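The values are calculated or read from the model by the stated rules, or taken from the named source; none is laboratory data. Please read these numbers as outputs of a predicted model, since none were measured by experiment. Neighbour counts run over all protein chains shown; Cβ positions are idealised from the backbone, glycine included.
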Amino acid sequence: MIEFITALPIWQIIRWLGMVSYILLTLGICLGMAYGLPVWTGKQKGNLYKLHNFATIAGTGIGLLHGMITVIDQYTPYNWSEVLIPFTALHEPFLTGLGTLVTYGMLLIIFTTDIRHKLKRKVWLLIHISAYPIFIMAFVHGFFQGTDSGSIGIRWIYFISIALVISMTAIRMTISPIPRKLTAFATTKQSS
């Protein structure tokens, strides 16, 4: 069994899992922003939420697998502590550490979303908005540590993902109304 596993193209599997994870996380963050737009009906909004949830959880799960398989890679093997403790890897410690932080951040977002009814909305929202810096860390991790980032096709995937997230953020900020509580708070502060 060990010979079969080590005969697999492990490094290529690691890279493809990383790319699939990154694409799903990009899709998840874009669908999350689209979900917040006030243009959807109830059923459309429900379907969008399911897609957002699926992409985010699948991307995180595949990302976990991406990191775990590095311990059996024979080209650049990592040990468990290098994978689990950020910035301790011998090979590319900063970039590997970012990958570890992305995983922990996504697990925190998923967990707090599952228990959001037990959290104050502001706490949940603050954690949920951390998806933006997590996405940037995922980009930096993949783009600069990825051995195939020199490929024009892979570069296009990264740049299109950044353009999509920036565009969706701009659309979301432009179309979504300011919540009444925030408007009332700002008006009260200005009056004082």
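Tell me which residues, restricted to the range 24-47, are among the β-branched types (Val, Ile, Thr) and surrounded by fewer than 19 Cβ atoms within 10 Å (Cβ to Cβ).
Correct list: Val39, Thr41.
Go through Val102, Val123 for me and flag whichever is farther than 14 Å from Ser21 by Cβ and assigned to a helix (DSSP H, G or I).
After ruling out the rest, the residue left standing is Val123.
Kindly list, by first and then second residue, each pair from a residue in the range 64-80 that is among the β-branched types (Val, Ile, Thr) to a residue that is surrounded by fewer than 16 Cβ atoms within 10 Å (Cβ to Cβ) and not in a helix (DSSP H, G or I), limited to pairs with Cβ atoms under 8 Å and residues at least 6 apart or on different chains.
Cβ pairs passing all conditions: Thr70/Thr76; Thr70/Pro77; Val71/Pro77; Val71/Asn79; Thr76/His91.
Would it be correct to say that Thr112 is in contact with a helix residue (DSSP H, G or I) (Cβ under 6 Å, 6 or more places away or on another chain), modelled with pLDDT of 90 or more and assigned to a loop (DSSP other than H, G, I, E, B)?
no
Could you grab me the full set of residues in the range 18-73 that are more than 21 Å from Thr113 (Cβ to Cβ) and hydroxyl-bearing (Ser, Thr, Tyr)?
Thr41, Thr70
Considering every residue within the range 166-173, establish whether at least one is modelled with pLDDT under 50, out of contact with any His (no Cβ under 9 Å at 6 or more places or on another chain) and among the small types (Gly, Ala, Ser).
Residues of the range 166-173 that are modelled with pLDDT under 50, as a first pass: none.
So far as the range 166-173 goes, no, none of its residues is modelled with pLDDT under 50, out of contact with any His (no Cβ under 9 Å at 6 or more places or on another chain) and among the small types (Gly, Ala, Ser).
For Thr103, are the conditions met, namely being polar (S, T, N, Q), modelled with pLDDT under 95 and surrounded by 14 or more Cβ atoms within 10 Å (Cβ to Cβ)?
Judged against the criteria, Thr103 is not a match.
Kindly list the number of the only condition in (1) closer than 27 Å to Gly153 by Cβ; (2) among the hydrophobic types (A, V, I, L, M, F, W, C); (3) free of Cβ contacts under 8 Å to residues at least 12 places away in the same chain that fails for Trp40.
Result: Trp40 fails condition (1) only.
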